[in-house]
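The values are calculated or read from the model by the stated rules, or taken from the named source; none is laboratory data. Values in this document were obtained by computation on a predicted structure and should not be read as measured data. So basically every Cβ, Gly included, is an ideal-geometry build from the backbone, and we count neighbours across all protein chains shown.
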Amino acid sequence: MQFSLPKSWRTSLARAGVLLGAFGAMAMPVFAEDATTIAEQAKKRLNGEVVAAPASPIYQVSAMQEQVPPPVPGANVGQPDQIFVDPGYAAPAEAEEAGPWTLQSVMGSGLADKGIVFGGWADIGYSSNPDLSFTSAAEDDNVNLSQFYMFLKKEADGSKGIDWGFRFDALYGTDGDDAQSFGNPNRTYDNSAAFDHGIYEWALPQLYGEIAVGDVSVKLGHFYTIIGYEVVTSPDNFFYSRQIMFWNSEPFTHTGALATWKASDKLTVWGGWTAGWDTGFAQFDGGSNFLGGMSYAATDKLSLVYTTALGDFGLRGTGAINSFILSYMITDKLQYVGQYDVLGTNNDVDFQTDGVVRDSNGLVNYLFYTINDQWKTGARWEWYKPDGVSYYEMTYGVNYKPTQNFVLRPEVRYQWAPGISYEEFIFGVDAIFKF
């Protein structure tokens, strides 16, 4: 399905949207309705209380997605366990009892009785122009199926001794190529030509087994990265669009082994080995690197995450990336998140000429304001400097969540690079239905 607006209309709408978004960001503190805070929800989860819905099914979460406290080992890193529990929203009392509708609930609880969970989502979206990230020139100005996502998993629970688990994810849509193993040599695994169908692609971003004993778990196979704040999976991000830095300077997937140790209620530590960046059961020229980091909840309001990868990244050369993320609850409704990344490699490329980054650093700031159970506003300001040229991006958006299964995310975005006379106004909107 395609939908096209005249270029002049798109530019006018985007300019107007940026102004409205800026006004909305300034007006955030004006709203005042009672809402459960992220910190309060986190405390309840630690105490075993039900918040909004069961902390189970669906999407991949980076090290910072739970915000406060640090992620539960084996539950949040590379495992979409919190899709129905968005920490930025307070759920109505009746939703706490009923929970979200799921495909598994309709098909029976036979697998659930064995600890096996399945589900997914559909994400349909529109972006008026390319954004140097997930939306390419071939995909803009169309109404696209960004993601049709399915997963099947059993979580390894080491609280009662030795336990095992697994996970398999499949993705189809215009985001498929972003989750494929494009770091593989000779187009193997899900990066083969058979997985591509025009602007739509299949991807198998996660396929791993897991063993857990006590507070330690280890996953072996193909899994999402722990680096960065934003992620591939749509429901796990506030915005429809992604950072420029995320798409160009961070890995998406790995193949290897990753251990998670929940040292305490405040501290979680990760460490492991992977066969480079974005590989699927293969190595590119002997790719081999360390992947690790830690998450620490300093207080109920302040969380810190540090993640790193260093060594031979394969297709991206040899080097290191370090990512620092801070999350702070300014008030019960207003949250700040800041991310700083620095990447250095020996890859003989240049972003301006090759479209691939050698070295970069960037700073991304977010503000999120929870208006009520259904409405949340957000702003993102990004400075990103790949190979000596500075890019800037600001995005303003709203999440409307009438039910736990559906969210609508309109946004306006303006990005520019003064050094190369580049600018782009972008209007985007998507709708996600979770099942």
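Among the residues of the stretch 231-248, those identified as within 18 Å of N365 (Cβ to Cβ), in contact with an Asp or Glu (Cβ under 8 Å, 6 or more places away or on another chain) and in a loop (DSSP other than H, G, I, E, B) are N237, F239, S241, R242, Q243. Scanning the stretch 258-307 for residues that are touching a helix residue (DSSP H, G or I) at 6+ places or on another chain (Cβ under 6 Å) and aromatic (F, W, Y) returns W277, F281, F284. Looking for something hydroxyl-bearing (S, T, Y), more than 13 Å from the chain's Cα centre (by Cα) and more than 24 Å from W383 (Cβ to Cβ) - is there at least one such residue anywhere in the stretch 311-322? Yes; the residues of the stretch 311-322 include at least one that is hydroxyl-bearing (S, T, Y), more than 13 Å from the chain's Cα centre (by Cα) and more than 24 Å from W383 (Cβ to Cβ).
Quick one: in the stretch 218-230, which of the residues that are β-branched (V, I, T) and crowded, with 24+ Cβ neighbours inside 10 Å is farthest from G338 (Cα to Cα)? Only one residue tops the list, namely T225. Out of T255, T268, one residue alone is in contact with a Gly (Cβ under 8 Å, 6 or more places away or on another chain) and either free of Cβ contacts under 8 Å to residues at least 24 places away in the same chain or assigned to a strand (DSSP E or B) (or both). It is T255. Scanning the stretch 117-176 for residues being among the hydrophobic types (A, V, I, L, M, F, W, C), surrounded by fewer than 21 Cβ atoms within 10 Å (Cβ to Cβ) and in a strand (DSSP E or B) gives a total of 14. With the requirement that a residue be touching a Lys or Arg at 6+ places or on another chain (Cβ under 8 Å) and either at pLDDT below 95 or under 22 Å from V231 (Cα atoms) (or both), what does the stretch 126-169 give you? If the condition is that a residue be touching a Lys or Arg at 6+ places or on another chain (Cβ under 8 Å) and either at pLDDT below 95 or under 22 Å from V231 (Cα atoms) (or both), then S128, N129, D131, S133, F134, F151, L152, K153, K154, F166, R167, F168 are the ones that fit.
Let's see how each residue does on (1) under 22 Å from T188 (Cβ atoms); (2) of a type in the set (S, T, N, Q); (3) assigned to a strand (DSSP E or B):
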{"position": "F284", "(1), (2), (3)": "yes, no, no"}
{"position": "G292", "(1), (2), (3)": "no, no, yes"}
{"position": "L304", "(1), (2), (3)": "no, no, yes"}
{"position": "V337", "(1), (2), (3)": "no, no, yes"}
{"position": "Q352", "(1), (2), (3)": "no, yes, no"}
{"position": "L363", "(1), (2), (3)": "no, no, yes"}
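Scanning the stretch 187-217 for residues that are part of a strand (DSSP E or B), crowded, with 19+ Cβ neighbours inside 10 Å and over 21 Å from the mean Cα position of the chain (by Cα) yields a total of 3. In the stretch 388-423, the qualifying residues are those that are charged (D, E, K, R) and buried (at least 16 other Cβ atoms within 10 Å of the Cβ), and the one that is farthest from L326 (Cα to Cα) is K401. Taking the stretch 357-395 as the range and being in contact (Cβ under 8 Å) with a residue 40 or more places away in the chain and of a type in the set (V, I, T) as the test, the residues that pass are V357, V364, T370, I371, T377, T395. Residue count for the stretch 179-215 satisfying the condition of being aromatic (F, W, Y) and touching a residue at least 40 places away in the same chain (Cβ under 8 Å): 4. With respect to L291, determine if the residue is in contact with a Leu (Cβ under 7 Å, 6 or more places away or on another chain) and of a type in the set (A, V, I, L, M). Yes. Among the residues of the stretch 357-387, which ones are among the β-branched types (V, I, T) and either surrounded by fewer than 16 Cβ atoms within 10 Å (Cβ to Cβ) or in contact with a helix residue (DSSP H, G or I) (Cβ under 6 Å, 6 or more places away or on another chain) (or both)? The answer is V357, T377.
Is there a residue being polar (S, T, N, Q), modelled with pLDDT of 95 or more, in a strand (DSSP E or B) and over 17 Å from V231 (Cα atoms) anywhere in the stretch 319-333? Scanning the stretch 319-333 turns up no residue that is polar (S, T, N, Q), modelled with pLDDT of 95 or more, in a strand (DSSP E or B) and over 17 Å from V231 (Cα atoms).
Filtered by the rule that a residue be among the hydrophobic types (A, V, I, L, M, F, W, C) and within 22 Å of the chain's Cα centre (by Cα), the stretch 258-280 gives L258, A259, W261, L267, V269, W270, W273, A275, W277. Are any residues in the stretch 366-411 in a loop (DSSP other than H, G, I, E, B), farther than 30 Å from T345 by Cα and β-branched (V, I, T), and if so, which ones? Matches in the stretch 366-411: I371 only. Residues in the stretch 174-187 that are over 21 Å from D430 (Cβ atoms) and either in contact with a Phe, Trp or Tyr (Cβ under 8 Å, 6 or more places away or on another chain) or modelled with pLDDT of 95 or more (or both): S181, F182, G183, N184, P185. With the structure loaded, tell me whether T274 is surrounded by fewer than 23 Cβ atoms within 10 Å (Cβ to Cβ) and at pLDDT 95 or above or whether it fails that test. Against the criterion (surrounded by fewer than 23 Cβ atoms within 10 Å (Cβ to Cβ) and at pLDDT 95 or above), T274 does not qualify.
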